Amino acid sequence: MLELSEHIRIQLERCSDLPSLPAVAVQILKLAQSHTSTMGDVADAVGYDPALATKLLKIANSPLYGQRRKSGNIRQAVMLLGLNSTLMLTLSFSLFSSLRQQEERGLDYNAYWQRSLLSSTVARLLGRMPEEVSPEEAFLAALLQDIGMAVMDRAFDQFYQQMETDENRHSEIIEFERKQIDTDHAAVGAWLLNQWNFPEHLIEAVSGSHQTVDSKELARVSTLTECIALSGIIADGIIAVDKNQDDEPPASLRLGDDYESLIEELYEEIPVVEGLFEMSLLDNKYTDKVLTEAKNQMLMRGLSFSQELNASRQEMDRHEQRTQLLKKESMQDHLTGLSNRKHFDLALEEEFIHARKNGWPLSAIFIDLDKFKSINDKFGHTVGDSILKFSAKILSAYTRDQDAVFRYGGEEFLILLPGCSSEDATSAATRIVEAIRSNKLTLKSQHKISITCSAGVATLNTQQRFDNKELLIEAADHAMYAAKQNGGDSVMVYQQSLAKNYH
């Protein structure tokens with residue numbers, strides 16, 4: 001499972017065109033997270049959306065649930081389906097209806113929804129086996145397992161148009177994403193669901209949807225995450241045959257015989273799901289062919305081959321994670337845990353380019369601890385180190401998630417604040433100066449040490465157009481020294497007149 005870099009997270013947060021939850025989905029999600037929700041509450045919420053109510057009645061009366069008595073209204077449907085099943089199904093319907101209206105950029109949304117719905121149908125069948133998994137939760141999680149692709153299609157300009165391969169091959173999409181931005185749509189999708197306040201277990205299932213699953217026997221599939229990961233692999237195998245792709249895996253690879261009955265059940269449910277969601281999942285010309293090949297283990301070999309490829313990719317991921325860990329350690333200050341000067345230089349260049357390109361402000365706060373040398377000489381380097389670590393914690397606590405704090409060297413720190421105006425950066429610097437002044441460091445001897453700092457603020461904006469990144473930091477440095485000359489324990493904002501005094 002990959003994580004998002006700070007740069008990617010900031011870019012996602014700045015995107016104003018991300019998929020959003022429809023109002024009815026927000027209400028349903030609140031009901032799902034409340035321990036006091038009743039069937040009447042859910043029926044009332046669904047009733048406000050006639051299209052959603054019609055869908056729910058249709059699925060309650062469908063062969064998927066095999067009810068002897070037909071549901072004549074929403075309350076009867078909710079009673080027959082059960083509270084949790086109703087919540088998950090209505091979320092699935094409302095999200096599908098809303099997200100399907102998204103404007104296409106570079107992503108093939110027909111292939112996207114084909115895989116999502118096919119995976120959901122498989123996941124619902126898989127979800128009936130483990131006791132801890134709800135089939136409807138599995139359906140919803142599988143439906144959303146690729147939502148990160150829709151996010152990336154909107155957040156990164158012409159992202160998928162850069163692919164030089166068939167977008168129906170999911171493994172190649174993942175490899176392309178990781179090569180381009182060092183993460184994949186599973187991690188991005190999990191980030192979005194977290195923004196939507198989805199339950200943690202659904203977020204984890206989406207995040208782990210690309211993991212390798214030991215699927216030699218279906219009985220071993222025991223968690224929601226495993227159901228979702230396996231549903232995608234099975235869907236990819238079916239799509240490969242449906243598209244008449246001729247990749248022939250080694251004949252020696254086999255999966256268990258219990259997949260045959262699963263595939264047979266799947267093909268009984270596919271027409272029902274197609275009718276409910278009004279979308280074709282497979283080319284009818286190939287339906288008989290796919291089922292026949294599944295029975296003859298051709299599809300099973302394809303699934304096992306996909307598993308082997310996934311295992312190979314996972315080993316590559318582990319190697320990449322080890323490399324990234326070493327890279328992270330090389331960019332971290334070992335004393336304070338903050339990013340170091342090397343990391344700062346890279347981050348500054350990247351943020352400066354983005355700010356200039358997009359026309360948004362970039363602020364820098366240069367901070368220097370007042371009279372640190374005197375304290376160090378009086379109490380020793382051990383106390384000096386404690387002061388640096390103490391100050392680093394305060395800086396981290398008083399900055400935004402999208403800001404980056406660095407130890408620049410010695411007792412100097414730098415904070416980069418992307419998208420932050422000069423006024424807001426000055427307010428942030430003032431809060432930091434006040435926090436360092438008001439928080440005293442208690443030594444083992446119970447002696448308390450008061451420390452203060454000086455802060456300089458400089459901002460790249462329409463008024464201050466710095467020609468390069470070095471001039472921005474130099475300006476913040478000048479402002480910080482002006483604060484020191486003013487007695488310390490204060491904040492100064494860069495003005496061009498300051499530069500003349502410190503040349």
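Every read-out reported here was derived from the displayed coordinates using simple, explicitly stated rules and does not represent laboratory data. Because the structure is predicted, anything quoted here is derived from the model rather than measured. Ideal geometry is used to build each Cβ from the backbone, glycine not excepted, and the neighbour counts take in all protein chains shown.
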Residues Asp477, Asp17, sorted so that the one with the fewest Cβ neighbours within 10 Å comes first: Asp17, Asp477
Ordered by fewest other Cβ atoms within 10 Å, a rough proxy for footprinting exposure, Lys55, Lys373, Lys389 read Lys373, Lys389, Lys55
May I ask you to derive the FRET efficiency for Thr430 and Glu200 from their Cβ-Cβ distance with R0 = 30 Å, giving the value to the nearest 0.05? 0.25
Mean Cβ-within-10 Å packing, highest first, puts peptides 450-456, 106-112 in the order 450-456, 106-112
Within region 429-503, trypsin sites (Lys or Arg not before Pro) in DSSP loop having at most 13 other beta-carbon neighbours inside 10 Å: Lys440, Lys444, Arg465
Kindly put Glu226, Glu474 in sequence by how many other C-beta atoms sit within 10 Å of each C-beta, fewest to most. Glu474, Glu226
Cα-Cα longer than 29 Å, checked against Lys448/Lys484; Lys30/Lys179; Lys179/Lys357; Lys373/Lys393; Lys30/Lys58; Lys378/Lys469, kept in input order, equals Lys30/Lys179; Lys378/Lys469
Suppose the chain between Gln33 and Leu18 were pulled fully straight at 0.36 nm per residue; how much longer would it get relative to their current alpha carbon spacing? 3.1 nm
Between Arg100 and Asp377, what is 0.36 nm times their sequence separation minus the Cα-Cα distance? Round to one decimal in nm. 93.1 nm
Starting from the Cα of Val26, step 7 Å along the direction of its Cβ; do the same at Asn110; then give the gap between the two resulting points in nm. 3.4 nm
What length, rounded to one decimal in nm, is gained on full extension from Gln11 through to Lys389, with 0.36 nm per residue of separation minus their alpha-carbon distance? 133.1 nm
